[in-house]
Amino acid sequence: MLNYVSFALLMAATAMGYQSLWGVLFLYWTIPNFYSGYAFLLSNVTRDEDPVLFWLIQIAWLVLGLVMVAADFFPSMA
């Protein structure tokens, strides 16, 4: 049920031009990856097997999430 509500909220926010919910979702996806050592791009990436790609993915999710949240709260900087 939570997935359906989340999906509906994300679609409504996107239709209204708000990107911050997507940004929060990107940030939410990043947190468990730090603890587990696993990330997903097009396939699983592990911190042990490919540390450079793992950290590049984490940095990308963090930056993208922060930029999307900032774009809604500080539109003059977007």
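Of everything in the stretch 21-59, what is assigned to a helix (DSSP H, G or I), of a type in the set (G, A, S) and out of contact with any Leu (no Cβ under 9 Å at 6 or more places or on another chain)? Give them in sequence order. Passing the criteria: only S36.
Listed by first and then second residue, the pairs with beta-carbon distance under 7 Å, at least 6 apart or on different chains, first residue in the stretch 31-45 and at positive phi, second part of a loop (DSSP other than H, G, I, E, B), are G37/R47; G37/D48.
Looking across the stretch 40-64, the residues that are in contact with a helix residue (DSSP H, G or I) (Cβ under 6 Å, 6 or more places away or on another chain), surrounded by 14 or more Cβ atoms within 10 Å (Cβ to Cβ) and of a type in the set (A, V, I, L, M) come down to V45, L62, L64. Selection of the stretch 69-78 for residues being surrounded by 13 or more Cβ atoms within 10 Å (Cβ to Cβ) and modelled with pLDDT under 90 yields A71, D72. Restricting attention to the stretch 37-78, the residues that are out of contact with any strand residue (DSSP E or B) (no Cβ under 9 Å at 6 or more places or on another chain) and of a type in the set (S, T, Y) total 2.
So, of the residues in the stretch 1-30 that are among the polar types (S, T, N, Q), without any contact (Cβ under 8 Å) to a residue 40 or more places away in the chain and closer than 20 Å to V67 by Cβ, which turns out to be surrounded by the fewest Cβ atoms within 10 Å (Cβ to Cβ)? Within the stretch 1-30, the match that is surrounded by the fewest Cβ atoms within 10 Å (Cβ to Cβ) is T14.
The values are calculated or read from the model by the stated rules, or taken from the named source; none is laboratory data. Keep in mind that what you see is a predicted model, and the values were worked out from it rather than measured. Glycine gets a Cβ as well: all are built from the backbone with ideal geometry, and neighbour counts include every protein chain shown.
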